[in-house]
Amino acid sequence: MDKIVVEGGSRLAGEIKISGAKNAALPLLAAALLPSGASTFRNVPRLQDVATMGKLLRHLGCEVDAQPAKHLCRIEPPAKPPRGKSHYEAPYQLVKTMRASVLVLGPLVARYGHGRVSLPGGCAIGARPIDQHLKGLTAMGAKVTLEHGYVDVSCKRLKGASIVCDVPTVTGCENLMMAAALARGRTVIENAAREPEVEELALVLNKMGARISGAGTPIITIEGVDELQPIEHAIIPDRIEAGTFAVAAAITRGDVLLEGARPEHMDAIVAKLRAAGATVTAEAGGLRVRGPAEVLPVDITTQPHPGFPTDMQAQFMVLATMAKGQSVIKETIFENRYMHVPELGRMGADITVSGQVASVRGGKKLSGASVMATDLRASASLVLAGLVAGGKTEVLRVYHLDRGYEAIEKKLRGVGAKIKRVKA
Ligand code: EPZ
């Protein structure tokens, strides 16, 4: 397994090009199942999770022409219902590596009347149930059965329904929007997730001919249509990648332009960067972040969008270790998203966790160490810690990082970090 080696102490300065958003690309590639004909996506991030989604779509009978180096992906779904059992099924060996595989369920049922997905099971950060996805599909008339670790969903033609989500679930809303796009009649999703990636999916579905309104607000209305047309689309930039590099600039007293970042997707992140003393300014090419001479303590509570994103919690914890004083971080979305804490502790961070709350007593310089990546954003936080720790830090199991960050070491080296990947 590869590892990443970071020498601490560099001040980051220059420009980092932000890649397409992972959490927009995954639902969009799944949405390509809906129209008859080939859709083409540009600005597709070169990530392990995107490659996995491509593999899954091929398994489902799609023609997938992926050109990762050109950030292009063309997907042509099968014209007729996929042949045989396995062709409408997302198998365990794929789903266990990427929970977002569940995003093919809505499109499969909507387009072919049948979808079968291995239950995603838990992952490092939590149980990750899909009950809201299934509640919505049932409300639309689907027959849902759970057996042998798979969820099997079938319905000749879904019908519009009124759905109130118990929690604002991002992929749950995305699955239900895609299913409702081809249902007969109107679907209303209340307590909907408001993430920019949900809005992006609605925009692309409407480009395909769907009739969706309210995306980005808690109430999304979908008037079902009979068929959708294939499209071409450039994927929005990744606000979490941008936020991760913004923290890198903030903790190294850096001055970095996040090229292509969309400030309007990052309000909560920008507000907390400024509270920590960073200077953040929108520029024609993106977002510029300058780190303060002294980082200030910040309190964080993760919330559904537009609140502070859970996917930025681990990264801000590194920022908090640098601030003289105490920062209180509360993780309200996932039940086990503090696995970076013991690893940061090995680098000398003083963090105590009680239930959902982590108290960070910052101000002491971290020291480099060998640390273990456990999940995508935790591994990003360990790389950030390595940028400011004294000496060398080795981050092991970087396959976690490769799921969601395109060439992170190249991008950081490009702004002056002493960082390299060591092949296993
Ligand atoms: C999406 O996951 C993102 N993944 C996650 O990013 C992100 O952390 C998460 O949203 C929250 O913003 C993708 O978009 C591919 P949820 P998702 O359903 O959709 C509960 C990353 O690092 N819930 O919004 O799986 C759930 O347990 C990844 O890029 C139910 O109870 O998250 C959680 O507590 C990690 N029942 C909360 O809702 C359901 O049916 C939010 O989960 C669904 C969710």
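Label point of VAL422 set 7 angstrom out along Cα-Cβ; within segment 318-350, no amide nitrogen lies under 15 Å from it. Note: relative contact order over the chain, using C-alpha pairs below 8 Å and six or more positions apart, is 21 percent.
Averaged per residue, segment 1-136 has 37 square angstrom of accessible surface, using a 1.4 angstrom probe with ligands and nucleic acids left out.
Positive end of the dipole of the chain (Cβ unit charges, origin at the Cα centre): among VAL170, ALA30, VAL5, the Cα lying farthest that way belongs to VAL5. DSSP assigns beta bridges within the chain; of those with both partners inside it, close to 75 percent run antiparallel. Using the Cβ-Cβ distance between ARG184 and VAL144 with R0 = 22 Å, the FRET efficiency computed as 1/(1 + (r/R0)^6) comes to roughly 0.75. Extending 7 Å from the Cα toward the beta-carbon at both VAL225 and GLN356 defines two label points whose distance is 4.0 nm. In the structure displayed, which of LYS156/LYS207; LYS135/LYS207; LYS80/LYS156 lie more than 23 Å apart, Cα to Cα? From LYS156/LYS207; LYS135/LYS207; LYS80/LYS156, over 23 Å: LYS156/LYS207; LYS135/LYS207. Taking the Cα centroid of segment 238-286 and of segment 309-360, what is the distance between the two, rounded to the nearest whole Å? With segment 238-286 and segment 309-360 each reduced to a Cα centre, they are spaced 20 Å. Quick one: with all protein chains in place, what share of the accessible area of the chain is carbon or sulfur, to the nearest percent (1.4 Å probe)? Carbon-and-sulfur percentage of accessible area, whole number: 52. Do any trypsin sites (Lys or Arg not before Pro) in segment 380-424 lie in a loop, going by DSSP, with at most 12 other beta-carbon atoms within 10 Å of their beta carbon, and if so which? Here the trypsin sites (Lys or Arg not before Pro) that fit, given the DSSP loop and packing criteria, are LYS423.
Accessible area of ILE219 (1.4 Å probe, protein heavy atoms only, ligands and nucleic acids ignored): about 80 Å².
Label separation (LYS392 vs ARG346): 1.5 nm, computed from points 7 Å beyond Cα along the C-beta direction.
The aspartates and glutamates within cross-link reach of LYS420, meaning a Cα-to-Cα straight distance under 12 Å and a gap of 8 or more places when in the same chain, are ASP2, GLU7, GLU394, GLU409. Cross-link reach is defined here as a Cα-Cα straight distance under 18 Å, omitting same-chain residues fewer than 8 places apart; for LYS143 the aspartates and glutamates meeting it are GLU89, ASP131, ASP152. Over segment 187-281, accessible surface divided per residue gives 33 Å², non-protein components excluded, 1.4 Å probe. Each stretch of four or more DSSP H residues adds -39500 (n - 2.57); spread over every residue of the chain, this sum gives -9000 deg cm²/dmol at 222 nm.
Suppose we flag GluC sites (Glu not before Pro) only when DSSP calls them loop and at most 13 other Cβ atoms lie within 10 Å. Which is the longest uninterrupted stretch of the chain? It runs 1-226.
The values are calculated or read from the model by the stated rules, or taken from the named source; none is laboratory data. Values in this document were obtained by computation on a predicted structure and should not be read as measured data. As a convention, Cβ positions derive from the backbone with ideal geometry for all residues, glycine included, and neighbour counts pool all protein chains shown. Surface areas here come from the heavy atoms of the whole protein model, side chains and all, with no ligands, DNA or RNA. Shrake-Rupley method; radii C 1.70, N 1.55, O 1.52, S 1.80 Å.
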